[in-house]
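To start, the structure itself, in structure tokens.
The values are calculated or read from the model by the stated rules, or taken from the named source; none is laboratory data. All values derive from a computational prediction rather than experimental measurement. Quick reminder, even Gly has a Cβ in these numbers, built from the backbone with ideal geometry, and neighbours come from all protein chains shown.
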Amino acid sequence: MKYTPPQSVTVTEAIKKMEHYCAYQDRCHKEVMEKLKTMHLIPEAKEKIILHLLEHNFLHEERFAKSFARGKFRIKKWGKQRIVRELKFRQISEYNIKTALKEIDEQEYISTFHELAEKKYDTISVSDPYKKRKKLIDYLLYRGWEQHLVFEKARELTH
């Protein structure tokens, strides 16, 4: 098999590609940098592209964090701890993480938690009450719900 060197793109082409990439869905700096890596550009070109995306509002960390938090909560039913963990993994600042969490309505958060816990509890088909309780707890903790909520709910459902 013959080696083919990576295809090089011009800065203008790369800007267009990255504009489309960011317009399709909000992105964080880390995702954009990883995408730029695949284009095999020199560091100066990457910097120029990032600046262009920031100046033209294609890349906006706070907007990304807010939409990420709203989406993961509403669609995937993640708790705040999982959302925080994922945002930290994407190197989002503490300030933007706090701002993003304010997007989640507290009443909606609690009612979603109870709904999710009860629905999951009903679908666990293990007869041993201890195993059933453990499965529920593991599921909710993995989803990033706060420990005090999880253990309180598990106690409520298993008694």
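A few comments on the model shown:
- Qualifying residue in the range 120-136 (condition: surrounded by fewer than 18 Cβ atoms within 10 Å (Cβ to Cβ) and within 21 Å of the chain's Cα centre (by Cα)): no
- Selection count where residues are more than 27 Å from Glu62 (Cα to Cα) and of a type in the set (S, T, N, Q), scope the range 100-159: 5
- Screening the range 1-80 for helices (runs of 4 or more DSSP H) wholly inside it with 2 or more residues that are at positive phi and not assigned by TED's automatic domain parsing to the domain that holds His148 returns no ranges.
- Condition check for Ile75: closer than 30 Å to His20 by Cβ, of a type in the set (A, V, I, L, M) and surrounded by fewer than 17 Cβ atoms within 10 Å (Cβ to Cβ): yes
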